[in-house]
Amino acid sequence: MIKGQEIAANGNAHEGLAEIEIAFIRAHLYDNPGELILKAGKFKGLDVKKLAAQIQSRQKALKKLPEWSANEKLIFPPALSVEQCSSEATAHYKAGIVSGNALIDVTGGMGIDCYYMSRSFAESHYFEQQPEVASTAAYNFAQLGATRIHVHAGESLNALQNGLTADWLYADPARRDANKEKVVRLADCTPDVAGNATLLLNAAPNILIKTSPLLDIDLASKELQKLKEVHVMGYEQECKELLFVLDREMQDPNFKIKVRIVDAAGQPIHQLDFDREEERNALVSYSKPLGHLYEPHAAVLKAGAFKTLCARYNMQKLAIHSQLYTSEEWISDFPGRSFKVAAVCKPDIREISQHIPGDKANITTRNFPAKPEELRKKWKLKDGGDHYLFATTLADQSKVVIVCVKPI
C-alpha cells in the first residue's frame, strides 16, 4: 500500500488551458510578459497575469526543453523552476544509463527527468509533496502520452518505509533554504539522501542522484555509501550537473568519474573516464606554448582530470595551476576548446597588436593577475573577432599572452 494520494493518470486532476488561452500564448509567445501585464485591460475575460507567467516560462524553455515547448497544452511552472530543471539533453542522457521494470522518482518537481527516464521502464512512480505541482505533472504526463507514470502527491520516504521497491531510484535533492549559498554537502539538501542511504538502497539496488555542479565531488563521495560512479555532465560550454550512481553490491571504495559532454539528444560528443588514483599517479610534463593550445571543457575541470589529460592525450601543461595544455600536432578529439598558436607575447598591447588585425579579440585569463574585462579596458579592445588572447603564467612564472586562432 502506497501512502500518498495517486493522481489520475488521465490528467483530469488539472483543468489545463482553454483554447482561447492557448491562442493568446501562441500569439504573444515572443512578447515582453511585463508589458502584457501592463496592457491587461485590453484583453477582456483573460487572466493575463497567469498567461504572462506561462509565456515567461515558455520563453525560458524554448531552447532548453524543445519537445515540451512544442506542446501547446502543457502547463509550465514559474520561470525560476524552468531555469533550475534539467534540460532535455541531460534528461535524455539519464534515460540512457538506467533501465528495468520499475523506477521511483522521490523528488518529483517539474518531471522532466522522470518523463524521459520512464521510457526505459515498464512503470514509474513520481512523488511530489506539493499537491499543485503533482497535479500539474500528472496533467502534463497525460498530454505527453506518458501513461506508465504513477503520480503520487505525498512523501516518498514514507512509501519506501512501507515497502515500495524498484530497480532504480532517482533523487534530485533541493537546497533546504532559499538563499543561493554554495552547496558543498549533500546534508545541506533535502531529502538527505546520504542520511537515508540505507532506506534508499533497501528500496532499490541502483540509485541515481542528481546535484548542482557546485557540489564538492570528493566531499560527497565521503558522505555516500556504495558509490560506484560520478557522471560529470557538460552541455554546450557549461558543466550542467553531477550524477552520483550508487550500487547496492558495490564493495570497491574507488569510484569511477565519467565526464560526458553531450549534444542536444543526450549523446556524448566527448567522454573521459578515470579515477582519483589514476589522476594522482599520472605523469605530467610542462612546456612553453607549442603549435596548439587547449582549454578543457568546464566539466573536465570540475571532474579534476588535470593530470589525466596529459597522459590520455599525450600533451603538456603550461604550468601547474594554469589548466591550459599544449601540443605540437593538433589533437582533434580534445574535450574542450582547441586553438592554433599564432604568437606568444609579453602582456604589452604594442607587441600583441602586431598579431591581431583591428581592435577586436576574445580574451581569457588563466592564473593571471588581471581579469579579462580589466585587460580589455587597458588594451582598448572590443570583444569578438577571430583571434583569442590567453593571458596566463608559464611554469617558469613568466607572464605571457598567447595569441591564437581557431584550427582549420
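The values are calculated or read from the model by the stated rules, or taken from the named source; none is laboratory data. Owing to the predicted nature of the structure, the values given are computational and were not obtained by experimental measurement. Neighbour counts are summed over all protein chains in view; Cβ atoms, including those assigned to glycine, are modelled from backbone coordinates with ideal geometry.
Values for this structure:
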read-out: One residue from Glu15, Glu72 being among the acidic types (Asp, Glu) and modelled with pLDDT under 95; value: Glu15
read-out: Scope the stretch 122-149; condition closer than 17 Å to Trp168 by Cα and crowded, with 16+ Cβ neighbours inside 10 Å; matching residues; value: Ser124, His125, Tyr126, Phe127, Ile149
read-out: Test: Arg260 is part of a strand (DSSP E or B) and under 26 Å from the mean Cα position of the chain (by Cα); value: yes
read-out: Any hit, the stretch 184-203, residues being closer than 21 Å to Val98 by Cα and hydroxyl-bearing (Ser, Thr, Tyr); value: yes
read-out: Options Phe127, Phe141; residue that is assigned to a strand (DSSP E or B) and among the aromatic types (Phe, Trp, Tyr); value: Phe127
read-out: Residue match in the stretch 227-239 (condition: surrounded by fewer than 22 Cβ atoms within 10 Å (Cβ to Cβ) and more than 25 Å from Pro66 (Cβ to Cβ)); value: yes
read-out: Matching residues in the stretch 225-252 - criterion: being in a loop (DSSP other than H, G, I, E, B) and either basic (Lys, Arg) or closer than 22 Å to Glu155 by Cα (or both); value: Lys226, Arg248
read-out: Within the stretch 34-113, helices (runs of 4 or more DSSP H) holding 3 or more residues that are charged (D, E, K, R); value: 48-64
read-out: Residues located in the stretch 189-203, provided they are in contact with a Leu (Cβ under 9 Å, 6 or more places away or on another chain) and either touching a residue at least 12 places away in the same chain (Cβ under 8 Å) or not in a loop (DSSP other than H, G, I, E, B) (or both); value: Cys189, Pro191, Asp192, Val193, Ala194, Asn196, Ala197, Leu199, Leu200, Leu201, Asn202, Ala203
read-out: Search result, residues across the stretch 263-285 that are assigned to a loop (DSSP other than H, G, I, E, B) and surrounded by 13 or more Cβ atoms within 10 Å (Cβ to Cβ); value: Asp263, Ala264, Gly266, Asp275, Ala282, Val284
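Here's the yes/no breakdown for (1) closer than 21 Å to Asp172 by Cβ; (2) of a type in the set (S, T, N, Q); (3) assigned by TED's automatic domain parsing to the domain that holds Ala171; (4) modelled with pLDDT of 95 or more:
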position: Cys239; (1), (2), (3), (4): yes, no, yes, yes
position: Asp263; (1), (2), (3), (4): no, no, yes, yes
position: Gln267; (1), (2), (3), (4): no, yes, yes, yes
position: His270; (1), (2), (3), (4): no, no, yes, yes
position: Val284; (1), (2), (3), (4): no, no, no, yes
position: Tyr294; (1), (2), (3), (4): no, no, no, yes
position: His297; (1), (2), (3), (4): no, no, no, yes
